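A short worksheet on the structure shown next.
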Amino acid sequence: MEHTREKYKKLIAYAATLPATPVAVAHPCDRDSLEAVVEAARLKLIAPILVGPAAKIRLVAAQESIDLGDLPIVDAPHSHASAATAVRLVHEGKAEAVMKGSLHTDELMGEVVARDTGLRTERRVSHCFIMDVPGHAEPLIITDAAINISPTLDDKRDIVQNAIDLAHALSFAHVRVAILSAMETVNAKVPSTVDAAALCKMADRGQITGGVLDGPLALDNAINEEAARIKHIVSDVAGRANVLVVPDLEAGNVLAKSLSFLAGADAAGIVLGTRVPVILTSRADSVIARLASCAVAALVALARRTPAADAVKRAAPEAVAQPAPI
């Protein structure tokens with residue numbers, strides 16, 4: 001089956017109708033990062049501010065025949081200074097999102113989470129992949145596969161809430177959260193099953209809001225209705241989950257990369273729990289995945305600029321609220 005990427009295409013088309021989000025792009029000093037930024041600016045997804053060594057940025061653009069046009073450049077001598085300056089632009093009110101260029105993720109995130117000068121909030125910082133999987137009717141949010149190595153129960157509460165808030169910013173019609181483990185029963189010898197049960201009770205008590213939770217669930221009975229039926233699992237989530245919460249970073253990384261490299265999925269990425277969304281891209285990302293990441297950041301920024309009810313109404317790309325099958 002051909003992967004038409006209709007979910008991403010419609011998401012990008014919708015985001016392009018919104019006011020372009022000012023984005024500080026940290027150290028865009030290679031072809032891939034510059035091309036993605038210029039294309040996102042052309043589509044009016046973002047209004048980029050290039051932050052890095054100005055001479056190097058212009059040299060790379062000239063060597064790769066990339067037209068920077070009148071994009072503003074804030075000079076910073078090296079990658080570490082680029083990350084710090086990008087964060088500072090947010091504090092100065094000049095940017096509503098930060099985007100990773102060609103520097104290492106750890107270098108950028110170090111500045112983002114710096115206790116005194118970063119972009120921390122009361123929430124745990126976490127990462128979400130928004131995945132367009134061939135043959136799967138809905139987009140899947142997978143969290144956390146990039147930041148939290150071995151999250152505690154309190155960390156997972158924030159990870160879940162961040163993902164639910166993202167789903168609302170993307171106007172998912174229903175937010176169905178599966179807390180994944182290797183099995184669907186609670187087993188004291190498998191800590192992730194105990195955490196899953198606790199998270200579901202937290203949702204019952206209003207400590208997590210905005211979505212329906214179920215867990216522990218194995219992957220098959222989280223996303224496949226027939227598998228859930230065979231196991232006699234009856235819930236609003238089983239077989240129809242659109243948010244998958246993994247036990248730890250290793251499990252999430254394997255899941256996301258398996259979908260990408262074995263199933264041909266695309267993975268847009270966003271960091272949440274910060275004052276503004278942070279767009280993390282990988283050198284392996286396709287162009288459309290990079291653009292989708294920018295579109296997601298634009299919708300998250302919109303949701304933060306407007307009251308919750310208005311944000312859900314205004315930021316309602318049909319592709320996400322009622323995604324077309326691929």
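The table below lists the values:
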{"quantity": "Residue in segment 106-117 that is open to solvent by less than 10 Å² (accessible area, probe 1.4 Å), farther than 20 Å from residue 27 by Cβ and either assigned to a loop (DSSP other than H, G, I, E, B) or in contact with a strand residue (DSSP E or B) (Cβ under 7 Å, 6 or more places away or on another chain) (or both) present", "calculated": "no"}
{"quantity": "Lone qualifier among 133, 160, 90, 177 - being β-branched (Val, Ile, Thr), closer than 27 Å to residue 34 by Cα and modelled with pLDDT of 95 or more", "calculated": "90"}
{"quantity": "Scope segment 132-181; condition touching a strand residue (DSSP E or B) at 6+ places or on another chain (Cβ under 8 Å) and open to solvent by 30 Å² or more (accessible area, probe 1.4 Å); matching residues", "calculated": "146, 147, 165, 174"}
{"quantity": "Options 20, 40, 86, 61: the member that is among the hydrophobic types (A, V, I, L, M, F, W, C), within 21 Å of residue 170 (Cβ to Cβ) and over 18 Å from the mean Cα position of the chain (by Cα)", "calculated": "20"}
{"quantity": "Some residue of segment 4-20 being closer than 23 Å to residue 91 by Cβ and at pLDDT 90 or above", "calculated": "yes"}
{"quantity": "Those residues of segment 282-309 which are among the small types (Gly, Ala, Ser), open to solvent by 10 Å² or more (accessible area, probe 1.4 Å) and modelled with pLDDT of 90 or more, in sequence order", "calculated": "303"}
{"quantity": "Among residues of segment 210-247, those that are of a type in the set (A, V, I, L, M, F, W, C) and open to solvent by 50 Å² or more (accessible area, probe 1.4 Å), counted", "calculated": "5"}
{"quantity": "Qualifying residue in segment 267-281 (condition: at pLDDT below 90, under 21 Å from residue 95 (Cα atoms), of a type outside the set (Gly, Ala, Ser) and touching a strand residue (DSSP E or B) at 6+ places or on another chain (Cβ under 7 Å))", "calculated": "yes"}
{"quantity": "Inter-residue pairs, beta-carbon under 7 Å, first over 23 Å from residue 276 (Cβ atoms) and in segment 145-174, second at pLDDT below 95 and open to solvent by 50 Å² or more (accessible area, probe 1.4 Å), 6+ apart", "calculated": "173/322"}
{"quantity": "Test: residue 32 is open to solvent by 40 Å² or more (accessible area, probe 1.4 Å), more than 16 Å from residue 108 (Cα to Cα) and in a helix (DSSP H, G or I)", "calculated": "yes"}
{"quantity": "Close pairs (9 angstrom Cβ cut-off, 6 or more residues apart or separate chains): among the aromatic types (Phe, Trp, Tyr) in segment 3-32, assigned to a loop (DSSP other than H, G, I, E, B) and open to solvent by less than 60 Å² (accessible area, probe 1.4 Å) anywhere", "calculated": "8/139; 14/315; 14/316; 14/317"}
{"quantity": "Failed condition for residue 80, given (1) open to solvent by 10 Å² or more (accessible area, probe 1.4 Å); (2) over 24 Å from the mean Cα position of the chain (by Cα)", "calculated": "(2)"}
{"quantity": "Test: residue in segment 51-71 that is part of a helix (DSSP H, G or I), under 21 Å from residue 284 (Cβ atoms) and modelled with pLDDT of 95 or more", "calculated": "yes"}
{"quantity": "Residues of segment 72-105 classified as more than 25 Å from residue 18 (Cα to Cα) and assigned to a loop (DSSP other than H, G, I, E, B), total", "calculated": "6"}
{"quantity": "Leading residue by the ranking (farthest from residue 129 (Cα to Cα)) among those in segment 5-29 that are among the hydroxyl-bearing types (Ser, Thr, Tyr) and crowded, with 23+ Cβ neighbours inside 10 Å", "calculated": "21"}
{"quantity": "Residue 197 being open to solvent by 10 Å² or more (accessible area, probe 1.4 Å), in a helix (DSSP H, G or I), of a type in the set (Gly, Ala, Ser) and free of Cβ contacts under 8 Å to residues at least 24 places away in the same chain", "calculated": "yes"}
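The values are calculated or read from the model by the stated rules, or taken from the named source; none is laboratory data. These numbers were taken from a predicted model, which means no experiment stands behind them. Every residue, glycine as well, gets a Cβ built from its backbone with ideal geometry; the counts of neighbours run over all protein chains shown. Surface accessibility is based on the protein's heavy atoms, side chains included, excluding ligands, DNA and RNA. Shrake-Rupley method; radii C 1.70, N 1.55, O 1.52, S 1.80 Å.
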